[in-house]
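The values are calculated or read from the model by the stated rules, or taken from the named source; none is laboratory data. Being a predicted model, the structure only gives us computed values, none of them experimental. We place every Cβ from the backbone using ideal geometry, glycine too, and count neighbours over all the protein chains shown. For the accessible areas, the whole protein counts, side chains as well, though only heavy atoms, and no ligand, DNA or RNA atoms are used. Shrake-Rupley method; radii C 1.70, N 1.55, O 1.52, S 1.80 Å.
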Amino acid sequence: MTAQDSATRPSRIAVTALDEAPPPGPTSHAAPQAPTSRRAGTVLAALGVTAFSLTFPSTAWGLEGIGPWSFVTLRGALAALVAGGCLLALRVAVPHRRHWAGLAVVGAGVVVGFPLLTTLALQTSTTAHAAVVVGLLPLTTAVFSVLRTGARPSRTFWAAALAGAAAVIAFTVQQSGGALTTADLYLFGALLICAAGYTEGGRLAREMPGWQVIGWALVLCLPLNVMGALVALPHESFHLTGHSVAGLLYAAIGSQFLGLVVWYRGMAEIGVPRASQLQLAQPLLTLVWSVFLLGEHLTVAAPLTAAAVLVCIAVTQRARD
């Protein structure tokens with residue numbers, strides 16, 4: 001366990017006490033806290049999903065004036081500076097050595113791998129087509145969680161998760177015309193590496209505050225992103241416009257840092273499999289943002305798919321592990 005300073009110790013103690021406390025007796029006042037904790041975790045995870053749903057549109061904005069490699073490396077570097085500043089300001093102790101391997105997995109998955117592969121895909125793919133990654137991500141994350149953490153969701157959970165994933169896949173493939181492109185290789189690679197990062201981050205968030213998980217992962221990847229930016233910037237287009245600046249800032253601070261802070265905290269409260277199913281709504285949210293921000297058009301299938309996804313989310317959240 002990482003030694004924390006006085007600014008972070010209370011939350012760590014509270015989480016540890018909640019995880020290790022024995023079942024309350026008839027006269028205990030701890031029983032009402034469990035539903036409250038689950039509701040709070042669900043809200044936090046949902047806020048993370050909302051933040052993530054703007055990632056593809058903001059990336060599309062950024063690519064209007066910034067090359068893909070430059071965009072990804074600058075995004076990671078800016079997010080690391082914000083995270084590092086927060087860690088320094090609060091005098092957070094350096095994580096224990098046993099945590100660094102997991103932080104490296106988080107960094108490879110959500111700091112470098114997923115942003116890079118999806119940004120490369122969005123050069124030739126629409127946001128609607130790229131949303132298939134997010135549609136498959138909840139199911140893939142749940143599978144990784146079973147393999148990594150030993151979680152054993154119920155059959156009802158798996159049935160609802162598969163149904164929700166199938167609905168999202170059918171919708172997004174229909175939106176893209178069903179054609180497979182070169183970008184699909186990037187998207188499927190991003191799917192696998194991000195699921196690994198989410199799972200490992202959710203596990204670490206039970207041992208240290210979630211914002212520190214993503215914070216240290218960003219700091220760990222800062223040298224790589226700085227070197228990548230130095231190499232990419234002279235060889236790619238770099239024209240700062242209102243869209244490109246807004247897209248870069250949101251992708252770095254809103255999605256890469258703040259979104260992952262609440263996301264990992266939510267996963268720590270309600271578990272990786274259940275939290276991951278909230279992401280079934282992310283492709284539809286992304287399409288809604290795309291209408292307003294990118295001028296894309298939705299078909300009548302959108303509200304029907306949204307209804308099916310919401311039913312599946314409700315079932316997965318109620319299914320007992």
- Task: Pull up the range 203-212, narrow it to residues that are open to solvent by less than 10 Å² (accessible area, probe 1.4 Å) and in contact with a Lys or Arg (Cβ under 9 Å, 6 or more places away or on another chain), then point me to the one that is farthest from PRO273 (Cα to Cα).
- Result: MET208
- Query: So which residues in the range 155-189 are more than 22 Å from the chain's Cα centre (by Cα), of a type outside the set (A, V, I, L, M) and closer than 15 Å to GLN277 by Cβ, if there are any at all?
  - Reply: ARG155, THR156
- Note on the structure: Within the range 295-307, the residues that are within 22 Å of the chain's Cα centre (by Cα) and at pLDDT 80 or above are THR305
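Rundown of residues vs (1) of a type in the set (Ser, Thr, Tyr); (2) in contact with a Leu (Cβ under 9 Å, 6 or more places away or on another chain), yes/no style:
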{"site": "THR124", "(1), (2)": "yes, no"}
{"site": "VAL133", "(1), (2)": "no, yes"}
{"site": "THR140", "(1), (2)": "yes, yes"}
{"site": "GLY150", "(1), (2)": "no, no"}
{"site": "PHE157", "(1), (2)": "no, no"}
{"site": "LEU162", "(1), (2)": "no, yes"}
{"site": "ALA166", "(1), (2)": "no, no"}
{"site": "ALA170", "(1), (2)": "no, no"}
{"site": "GLY177", "(1), (2)": "no, no"}
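Of the residues VAL132, VAL110, VAL143, only one is at pLDDT 90 or above and touching a helix residue (DSSP H, G or I) at 6+ places or on another chain (Cβ under 9 Å); which? If you could, list the steps in order and put the result at the bottom.
Numbers: VAL132 fails: at pLDDT 90 or above; VAL143 fails: at pLDDT 90 or above.
Every option except VAL110 fails the conditions.
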- Item | Positions within the range 125-149 being open to solvent by 20 Å² or more (accessible area, probe 1.4 Å) and either among the basic types (Lys, Arg) or over 19 Å from SER53 (Cα atoms) (or both), in sequence order | VAL143, PHE144, VAL146, LEU147, ARG148, THR149
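Name the residue that is farthest from VAL213 (Cα to Cα), counting only residues in the range 79-88 that are small (Gly, Ala, Ser) and surrounded by fewer than 21 Cβ atoms within 10 Å (Cβ to Cβ). Can you show your working first?
Just the residues of the range 79-88 that are small (Gly, Ala, Ser), to begin with: 79-80, 83-85.
After this cut, where a residue has to be surrounded by fewer than 21 Cβ atoms within 10 Å (Cβ to Cβ) as well, the list is 84-85.
Details: GLY84: 12, GLY85: 14 Å.
Per the criteria, the residue is GLY85.
I'd like the residue in the range 168-182 that is hydrophobic (A, V, I, L, M, F, W, C) and surrounded by fewer than 21 Cβ atoms within 10 Å (Cβ to Cβ) and, out of all such residues, is nearest to PHE52 (Cα to Cα). Spell out the reasoning first.
Residues of the range 168-182 that are hydrophobic (A, V, I, L, M, F, W, C), as a first pass: 168-171, 173, 179-180.
The next check asks that each one be surrounded by fewer than 21 Cβ atoms within 10 Å (Cβ to Cβ); those that pass are 169-170, 173, 179-180.
Working: ILE169: 18, ALA170: 21, VAL173: 20, ALA179: 25, LEU180: 24 Å.
Checked the range 168-182; the qualifying residue nearest to PHE52 (Cα to Cα) is ILE169.
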- Message: Conditions first: (1) under 15 Å from the mean Cα position of the chain (by Cα); (2) closer than 18 Å to ALA51 by Cα. ALA217 passes all but one, so which condition is the exception?
- Response: (2)
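For the subset of the range 52-78 comprising residues that are of a type in the set (A, V, I, L, M) and more than 21 Å from GLY189 (Cβ to Cβ), which member is surrounded by the most Cβ atoms within 10 Å (Cβ to Cβ)?
Kept after step one, since they are of a type in the set (A, V, I, L, M), are these residues of the range 52-78: 54, 60, 63, 66, 72, 74, 77-78.
Imposing the further condition that a residue be more than 21 Å from GLY189 (Cβ to Cβ) reduces the set to 54, 66, 74, 77-78.
Values: LEU54: 22, ILE66: 28, LEU74: 23, ALA77: 20, LEU78: 20.
The extreme case among them is ILE66.
Let me confirm something: among SER145, SER125, which residue is under 20 Å from TYR198 (Cα atoms) and polar (S, T, N, Q)?
Numbers: SER125 fails: under 20 Å from TYR198 (Cα atoms).
Result of the check over SER145, SER125: SER145.
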- Task: Give me the pairs, please: first residue somewhere in the range 142-154 and in contact (Cβ under 8 Å) with a residue 24 or more places away in the chain, second residue anywhere and assigned to a helix (DSSP H, G or I) and aromatic (Phe, Trp, Tyr), beta-carbon distance under 9 Å, and either six or more positions apart or on two chains.
- Result: ALA142/PHE157; ALA142/TRP158; PHE144/TYR198; SER145/TYR198
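ALA108 - would you say it is closer than 26 Å to THR73 by Cβ, open to solvent by 20 Å² or more (accessible area, probe 1.4 Å) and outside any loop (DSSP other than H, G, I, E, B)? Break it down stepwise before answering.
Details: closer than 26 Å to THR73 by Cβ: yes; open to solvent by 20 Å² or more (accessible area, probe 1.4 Å): yes; outside any loop (DSSP other than H, G, I, E, B): yes.
The answer is yes for ALA108.
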- Message: Can you report the number of residues in the range 89-105 which are open to solvent by less than 40 Å² (accessible area, probe 1.4 Å) and either in contact with a Ser or Thr (Cβ under 9 Å, 6 or more places away or on another chain) or outside any helix (DSSP H, G or I) (or both)?
- Response: 4
- Take the range 254-297 and flag every residue that is more than 24 Å from ALA79 (Cβ to Cβ), assigned to a helix (DSSP H, G or I) and open to solvent by 50 Å² or more (accessible area, probe 1.4 Å). VAL288, VAL291, PHE292
